[in-house]
1. May I ask you to derive the FRET efficiency for R427 and D209 from their Cβ-Cβ distance with R0 = 41 Å, giving the value to the nearest 0.05?
2. Dividing the Cα radius of gyration by the Kirkwood radius, what Rg/Rh value follows for the range 122-206?
3. About its Cα centre, what dipole magnitude does the range 122-206 give when the only charges are +1 on Lys and Arg Cβ and -1 on Asp and Glu Cβ, stated in debye to the nearest 20?
4. Quick one: order H181, H122 from most to least accessible surface, probe 1.4 Å.
5. Give me the 1.4 Å probe accessible area per residue for the range 122-206, excluding ligands and nucleic acids, in Å².
6. Enter the accessible area of E173 (Å², nearest 10), with the probe set to 1.4 Å and all protein chains included.
7. For a quick check of understanding: with a 1.4 angstrom probe and all protein chains in place, what accessible area in square angstrom does F477 have, to the nearest ten?
8. Tell me, what is the 1.4 Å probe accessible area of Y458, in Å² to the nearest 10?
Amino acid sequence: MSAAAHLLLRHSRKLRTLHNALDCERSGLVRNFSTASGSLPTKGNAGVEKRIGGARFPQCKQPGKELETFKVPLGGLNGRYTCRRAPNNCIPNTITGLNCSLSCGQVASARSFSSSADLPPHQEIGMPSLSPTMTEGNIARWLKKEGDKVSPGEVLCEVETDKATVEMECMEEGYLAKIIHGDGAKEIKVGEIIAVTVEEEGDIEKFKDYKPSTSAAPVAPSESKPQSDSAEPKVEEEEPSRTPEPKTPKTEEASQSGDRIFSSPLARKLAEDNNVPLSSVKGTGPDGRILKADIEDYLASVAKGGKKEALAAPGFGYTDVPNTQIRKITANRLLSSKQTIPHYYLTADTRVDNLIKLRGELNLLQESSGGKKISINDLVIKAAALALRKVPQCNSSWMSDFIRQYHNVNINVAVQTDHGLFVPVIRDADKKGLGTIAEEVRQLAQRARDNSLKPEDYEGGTFTISNLGGPFGIKQFCAIINPPQSAILAIGSAEKRVIPGSADGQYEFGSLMSATMSCDHRVIDGAIGAEFLKAFKGYIENPTSMLL
């Protein structure tokens, strides 16, 4: 074994006893080791049982058998290790890693053992990644409670992702022994343990006080991290003795009542960075001194407490509203869009008198046949989809080394809800009838308001439409492009205007609607964007052509 491996084994908490296992002749393949296991007790040849990372390995010697090579994750150790096994039910292994070789023998496979003798086999369930951009999620609510039996396909809980609330299904049969993060838990990282299941109902009680291991970091960072962590509390502990009773009060430590507020420098710095008034924090140090931990507890209580009235200067009150996961991701994506995409805008006024007339005629037919009414927005979606088919350059995405032009016209429709902004998608809108589009828009909008959209309801769009005209009466606005798309169409309200008539000197009233297209100049040149708006305007002003 190299000197580097010796040094690593001596200083790592997880691997400090690994050298005791390096001489073992046999071990076994174990599934789902607990990362909490750190001890590696072994017995001599007289004993048939060896344990590595909390799993027991019965020996059986079968010399002369041909070995095959495979890879296996070793619980409690970081990385994957190459193993060799014999072609039978017993599994002779040679595990290599850390510049050394761990030769082992045969064992039966086992499930998720803990290093603690009190814990039976169990499975730790982590926060899943339910969308391509998801890095953390919130628990909306649990549909199962501790002690319930679970089966594959049953919904365990509802997870709020960066786009919607998604149901999380159980993958294996068993019993829900422990819920780590309950209803309303916020900002849980992907992979962080949220629950534990067991195979036997009688094992549930043993997980009453179970806490997941937090030692999942790589070995190298874990060696240096405790040093930095231990140095920080030391500053706080020494500060009370290092700071004598002040003789001259500082103005920054005076409260509104004129009483002195004692705080450590670290606490003051943290409070300033997070705009926390020291007068609103209760100190737990000597003589009521405010420590860094007090500020951290205050920030944690604000984060978990939802809406909280913030203390501020007299006569200046406000309320801090915590951001939902959807709003955070939306904000980041829109900020990135404005910073990285070269936007430019094209606006066209379209006359919608013929469109309104056609809509009235179609709705009469819909009512007689028992169908749903068609809205102006449904007609706009159809017109935009047909214009994209005519000008496919606008149905594209910038991919750095190339421009990807889509063959399907999938229109995202912006829907504002109490939970945030959603953009459900109408797939192949150019090929669907107006009645089908109207029905899909209604269903998806209702799911968005109920916060029950599934990933397939909003992923895969190639173009977006945002309509603030009909619902809100906005005359004209510029929308932000929804990456990775290259354009978005903003629809304003229709209003009566005086326009030139058919004869010279004559004027008439007409209903005009503003449509503003935001374009990515990397993908859509000005002339191409103008060509799209020309095609869109043609379908809006001559709506019967959409039916051909």
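The values are calculated or read from the model by the stated rules, or taken from the named source; none is laboratory data. Bear in mind that the values here come from a model prediction, so they are computed numbers and not experimental data. Every residue, glycine as well, gets a Cβ built from its backbone with ideal geometry; the counts of neighbours run over all protein chains shown. Accessible surface areas use protein heavy atoms only, side chains included; no ligands, DNA or RNA. Shrake-Rupley method; radii C 1.70, N 1.55, O 1.52, S 1.80 Å.
1. Working from the Cβ atoms, E equals 0.25.
2. When Rh is taken as the Kirkwood radius, the ratio is 0.96.
3. Computed charge dipole of the range 122-206: roughly 300 debye.
4. Putting H181, H122 in descending order of accessible area: H181, H122.
5. In whole numbers, the range 122-206 has 46 Å² accessible per residue.
6. The accessible area comes out at roughly 110 Å².
7. The accessible area of F477 comes to roughly 30 Å².
8. Y458 exposes around 20 Å² with every protein chain in place.
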